[in-house]
Amino acid sequence: MVIYVNIKRDRGKFLALTGLTVKEFNSLLPVFAEVYRKRYAGRKNLAGRKRTRAIGGGRHGQLASMEQKLLFVLVYQKTYPLQVVQGELFGMSQSGANRWLHCLLPILQEALKVMGVAPERDGRQFAQAEKQHKESRDYIIDGTERRRLRPKNREKQALHYSGKKKAHTDKNIVIAHATTQRVGYLSPTQVGKTHDKKIAEQENISYPRQARLGKDTGFQGDEPSGLKTYQPKKSHAEKNCRPATSDITVPYPVSGSELNTPSQASNARGV
């Protein structure tokens, strides 16, 4: 069973399970706790019914402490297991895991907004949201796909099938700061078949003035007005270093999100 007081001693494992360092976790915890208390410390219990006991009374569940609550929701966001697996990790049933996820996910989203680290979800408001950040206007846009269960409906199977990943996926596009790697924008989730450029055009993204935007071939032809775009190209030295054969064995295949930093991986999951 995953318990906060045990897992925090192993910093590598803590980072792998939550996507955050212990320091980042501790900075998020008081904000998360305050948002939780404001929402649930009134006259009603978690089910929305009138309380029959004082707060803290009755039997204590597996998520008694605020640290355990935050750990629970972060592990789900980072690893995205089946709810029955999430329940086994935290000593509860699948239905219990489902109830807690519906309770805690909105709390986490609100806490990230309060801290000012949640990415903008409305493309038309991206330029306005970036005014509060005193950084250079150098960004990178990219698409990120994550695997999902294959839909039973054949039409949905076709929509979610990604020819690039050779799997059924959901897709988002993200805009990250080129230097700090801060994710400034996260698009609504689209089916895996949707092209990156099409999502960008649909979202009508508003960019800060005099911004520079790095992009790959997936956004070729998308040239927003008033914006300088560039597409990184490999040097001759990099090309010459390629192996002569295409028969390359990858012992540890990389799957899931294309994002690199822990906080970016959480944002890309919709938090």
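Just so it is clear, none of the values below were taken in a lab; they were calculated from the coordinates. Keep in mind that this is a model prediction, so the values were computed, not measured. So basically every Cβ, Gly included, is an ideal-geometry build from the backbone, and we count neighbours across all protein chains shown.
The table for this structure:
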| quantity | calculated |
| --- | --- |
| Cβ-based exposure ranking for Asp170, Asp216, in which fewest neighbours within 10 Å come first | Asp216, Asp170 |
| Members of Lys152/Lys193; Lys23/Lys69; Lys134/Lys233; Lys164/Lys193; Lys171/Lys215; Lys38/Lys113 lying beyond 20 Å, as alpha-carbon distances in this model show | Lys134/Lys233 |
| Phi to ³J(HN,Hα) by Karplus 6.51 cos²θ - 1.76 cosθ + 1.60 over segment 208-216, Hz, x for Gly, Pro | x, 5, 6, 7, 10, 10, x, 8, 9 |
| Other-chain or far-sequence residues with amide H under 5 Å of Ala167's (modelled H) | Ser162 |
| ³J(HN,Hα) computed for each position of segment 107-112 - Karplus, 6.51 cos²θ - 1.76 cosθ + 1.60, integer Hz, glycine/proline x | 5, 5, 4, 5, 5, 5 |
| Ascending count of other beta-carbon atoms within 10 Å, so fewest first, for Tyr40, Tyr207, Tyr4 | Tyr40, Tyr4, Tyr207 |
| 18 Å Cα-Cα reach of Lys165 towards aspartates and glutamates, excluding residues that sit fewer than 8 places from it in its own chain | Asp142, Glu145, Asp196, Asp216, Glu258 |
| Burial ordering of Glu24, Glu155, fewest other beta-carbon atoms within 10 Å first | Glu155, Glu24 |
